[in-house]
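One structure is given here, and the rest of the page talks about it.
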There are 2 protein chains.
Amino acid sequence: MKDPFAKNEIKIAVIGGGTGSFTMLSSLKSYTTQIAAIVSMADDGGSTGVLRDELGTLPPGDVRQCLVALSDSPKIRDLFDYRFEEGTFAGHSFGNLLLTALEKVTGDFSEAVETASDILRVNGVVIPATLDNVRLKMEWAETSLILHGERVIDAEFFKHDPRKADISLTPPAKANPTALAAIEQADIVVIAPGDLYTSLGPLLVIDGIGEALEKTEALKVYVSNLVSKRGQTDKFTVSDHAAEIERFAGNPFLDYVIYNDEVPSAEIAARYKEEGGYVTEVDEDILEKAHYKTVAGNFLGKMANAHKSDSIPVTRSLIRHDAAAVAKSILETYERERA
Amino acid sequence: MKDPFAKNEIKIAVIGGGTGSFTMLSSLKSYTTQIAAIVSMADDGGSTGVLRDELGTLPPGDVRQCLVALSDSPKIRDLFDYRFEEGTFAGHSFGNLLLTALEKVTGDFSEAVETASDILRVNGVVIPATLDNVRLKMEWAETSLILHGERVIDAEFFKHDPRKADISLTPPAKANPTALAAIEQADIVVIAPGDLYTSLGPLLVIDGIGEALEKTEALKVYVSNLVSKRGQTDKFTVSDHAAEIERFAGNPFLDYVIYNDEVPSAEIAARYKEEGGYVTEVDEDILEKAHYKTVAGNFLGKMANAHKSDSIPVTRSLIRHDAAAVAKSILETYERERA
């Protein structure tokens, strides 16, 4: 286990998957170099899934995005994000190949991430949440329905309420000790926005993570998702999201929930609805009574195209966080609480 | 064009392909950081060939080996040499993928090599001999026989004397100006041992290279191959090799030929012969009358296994140069000449 934080600056741990973490890290890194990305490790789709299946390695995709977010070298960042377009390697991201090759060469995913950080000149540290080779499992006890694998679950339209499903990893995973140390030592822990059942869930259920979140003296902030995931979290409110986050972790650890209360333009909302998506509803009455505090604001980003490394459906890129505003709000909240 | 040599040390340019250059660079780099590898660019076999065919990029394989030879970072060197063993990517060297992805990202092979040098912490500089996308052609005018492509020629058992064949590139290639500058500015130019018709030939026939070798004031040394290439240079003597080198370059530019005069053990010679290989014969009577001087010595290395990155048939790894002894001899020759 290495020391996730070294210098005397504000220490921020960001918990999440690929894109949500990418966005938060990209903005938060302007406030501190003492930043740790704790990354979900249950992805088994796309380029990552092929590499896992064929080579038996750990999933590189989410780690790659976090490394790129914290990199200081634009040229090497472009290299990591490059996707082969033709031939044998079509669809594979170069960064995924690099992490996989490094894991093969060093025999150790942690060391692979460290060497990749070195190559990318990363400020901060990227920490796989677990180093166990796991798959996601989602189980509805009542109906005996079981779904296996993030790829499968990601493509699923849930016929049953996911809030009644048990989320677990097979085999059960132990937390990476460095991830636990980062949570313990952090001044702020940010739960980045992300898919509840395929990104945040499989991270927060890792053995040890929930306990660390309960014990740490850090300010714990969840940045609520802006939009629902079609067929999975349709009509979920802000408090619904927060409740699931805490259910995964196994305890009511959140100090703050930060959410957007600006209504998107009619045009964008309409396009979302057309494809079955919903802007996350703010249920103020319930939020008012919650054990956590809330910060509301206009956190709608400009209509942004997806980060070029992502293969994200167009609709999902229509509404994005104004990550700079969110980061500012997190830091202000922290200063206010510590005053 | 960038300055291939910067500091005030002895300047050495090594001309060749992959393995021969790898060996010479690995030893010569202990004498100077002012070392330039000028690399053959006609390879179209193996992992390199697949990448060229599928992605239309320049051949990375020989460049990769030279980069690895000059790298200061053992961990990243291992990464570059890593070959995927299973799945879709089996047989591909990671370093080849990196150079190819970098060429795609930067749109420029020179810049790709520069960035890769940076990642690998290379001491010295690796210079593609040409930046034109070329294929090797070998043509016997008498019989109108034409062979196309290094992959094809490499696998060929010549039915006609290769010394009567014309070696060229299609389309005709112009030398990389940085390669010409390295030859011009060098104190010593070493022609590394290597395959005559598929490595040294396609480099030395590049437009401008022969002229630069004739004009430079550097000491020009050819390190003669230890063994013949089966079906291609069977029974070639030391002077036969040197004569072909000068034929490719178009002029008698060599100052020195360094060759081994130690007889390998009966056991090794027998194993070679069994597979149709020959230890290069020393034809002293002809060498005595040559326009170049010669240095003979015991340059036989220990029975070494192939460098792990190579996929070299076992027999080719039985006899290797004692590269440290060769390098020492080159430097001593230079000091003696300049005294």
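The values are calculated or read from the model by the stated rules, or taken from the named source; none is laboratory data. Remember, predicted model here, so these are calculated numbers, not experimental data. Cβ sites come from the backbone with ideal geometry, for glycine too, and all protein chains shown count toward neighbours. Heavy atoms of the whole protein, side chains included, go into the accessibility calculation; ligands, DNA and RNA do not. Shrake-Rupley method; radii C 1.70, N 1.55, O 1.52, S 1.80 Å.
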- Set of aspartates and glutamates near A:Lys302 by C-alpha distance (under 16 Å), chain-local residues within fewer than 8 positions excluded: A:Asp261, A:Glu262, A:Glu267, A:Asp322
- Quick one: what does P(r) look like for the range B:1-87 with 5 Å bins over all Cα pairs, in whole %? 3, 14, 20, 21, 20, 12, 6, 3, 1, 0
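Averaged over its residues, how many other protein chain Cβ atoms are within 10 Å of peptide A:99-112's Cβ atoms?
Working: counts 0, 5, 13, 6, 0, 8, 9, 3, 0, 0, 0, 0, 1, 1.
Whole-number average of other-chain Cβ neighbours for A:99-112 is 3.
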- Query: What does the charge count near A:Ala42 come to, summing +1 for each Lys or Arg and -1 for each Asp or Glu among other residues with Cβ under 13 Å from its Cβ?
  - Reply: -3
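Net charge near A:Thr216: determine it from the other residues with C-beta under 13 Å of the C-beta of A:Thr216, scoring Lys and Arg +1 and Asp and Glu -1.
On the way: positive: A:Lys11, A:Lys215, A:Lys220; negative: A:Glu184, A:Asp187, A:Glu211, A:Glu214, A:Glu217, A:Asp255.
Within the 13 Å Cβ shell, the charges total -3.
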- Task: List the residues whose amide H sits under 5 Å from the amide H of A:Ile191, counting only those 5 or more places along or on another chain, with H placed 1.01 Å from N in the peptide plane.
- Result: A:Ile15, A:Val221, A:Tyr222, A:Val223
- Message: Rounded to the nearest 10 Å², what accessible area does B:Glu184 have for a 1.4 Å probe in the complete protein model?
- Response: 130 Å²
- Item | Cα-Cα P(r), chain A, percent of pairs per 10 Å interval | 6, 27, 37, 25, 5, 0
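Determine the shielding of peptide A:69-80 by partner chains: average, over its residues, the number of Cβ atoms on other chains within 10 angstrom of each Cβ. Let's see the in-between values first.
Values: counts 0, 0, 0, 0, 3, 0, 8, 5, 1, 6, 10, 2.
Across A:69-80, the average partner-chain Cβ count within 10 Å equals 3.
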- Message: Which order do you get for A:Glu54, A:Glu262, A:Glu211 if you rank them by accessible area with a 1.4 Å probe, largest at the top?
- Response: A:Glu211, A:Glu262, A:Glu54
- Report ³J(HN,Hα) in whole Hz for each residue of the range A:95-102, in order, from the Karplus equation J = 6.51 cos²θ - 1.76 cosθ + 1.60 where θ = phi - 60°; Gly and Pro get x. x, 4, 4, 5, 4, 5, 4, 5
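Within 10 Å of each Cβ in peptide B:51-57, how many partner chain Cβ atoms are there on average? Round it to a whole number, please. Numbers along the way, then the final one.
Values: counts 4, 0, 2, 7, 7, 2, 0.
Partner-chain Cβ atoms within 10 Å, mean over residues of B:51-57: 3.
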- Query: Considering only protein heavy atoms, what is the solvent-accessible area of B:Tyr31 at a probe of 1.4 Å, reported in Å² to the nearest 10?
  - Reply: 90 Å²
- Sum up the charges of everything whose Cβ sits under 15 Å from the Cβ of B:Tyr334, counting Lys and Arg as +1 and Asp and Glu as -1, but leave B:Tyr334 out. -1
- Item | log₁₀ of I(q)/I(0) at q = 0.27 Å⁻¹ - the range A:1-48, Debye sum with one point per alpha carbon | -1.02
- A:Asp161 label points, 7 Å along Cα→Cβ, one per copy: pairwise distances from this copy to the rest in nm, shortest first? 9.2
- Message: Taking amide H atoms as placed 1.01 Å from N in the peptide plane, list the residues 5 or more away in sequence, or in a different chain, whose amide H sits under 5 Å from that of B:Leu145.
- Response: B:Trp140
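Hull surface divided by four, with the convex hull built on the Cα atoms of the range B:65-104: how many nm²? Don't skip to the end; give the middle numbers.
Details: hull surface 12.4 nm².
The Cα convex hull of the range B:65-104, projected and averaged over all directions, gives 3.1 nm².
Per residue, what volume in Å³ does the convex hull of the Cα atoms of the range B:192-246 enclose? Each step should come with its number before you reach the end.
Details: hull volume 4.0 nm³, N = 55.
Per residue, the Cα convex hull of the range B:192-246 comes to 73 Å³.
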- Viscosity 1.002 mPa s, 20 °C: Kirkwood-radius Stokes-Einstein D of the protein assembly as shown over Cα pairs, µm²/s: 77 µm²/s
- Note on the structure: Non-local residues with an amide H under 5 Å from the amide H of B:Val126, with H modelled 1.01 Å from N and Pro and chain starts lacking one, are B:Ala37
- So what are the range A:116-170's ellipsoid semi-axes, whole angstrom, largest first, if each one is the square root of 5 times an eigenvalue of the alpha-carbon gyration tensor? 33, 12, 10
- Query: Hey, for B:Ala339 with labels 7 Å out along Cα-Cβ, what do the inter-copy distances come to in nm, ordered shortest first?
  - Reply: 8.2
- Query: Placing a label point 7 Å from Cα toward Cβ, how far apart in nm is A:Leu145 from its equivalents in the other copies, listed shortest first to one decimal?
  - Reply: 7.1
- Selection from A:Asn96, A:Ile245, A:Ala129, by position along the positive dipole direction of chain A (Cβ): A:Asn96
- Message: Taking θ = phi - 60°, what integer Hz values does the Karplus form 6.51 cos²θ - 1.76 cosθ + 1.60 yield along the range A:269-274, in sequence order, with x for Gly and Pro?
- Response: 4, 5, 5, 5, 4, 3
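Of the cross-linked pairs A:Lys75/B:Lys229; A:Lys104/B:Lys29; A:Lys215/B:Lys75; A:Lys29/A:Lys104; A:Lys75/A:Lys137; B:Lys104/B:Lys229, which ones have a Cα-Cα span greater than 32 Å in the structure shown?
Working: A:Lys75/B:Lys229 42 Å; A:Lys104/B:Lys29 29 Å; A:Lys215/B:Lys75 38 Å; A:Lys29/A:Lys104 30 Å; A:Lys75/A:Lys137 38 Å; B:Lys104/B:Lys229 35 Å.
Table pairs above 32 Å Cα-Cα are A:Lys75/B:Lys229; A:Lys215/B:Lys75; A:Lys75/A:Lys137; B:Lys104/B:Lys229.
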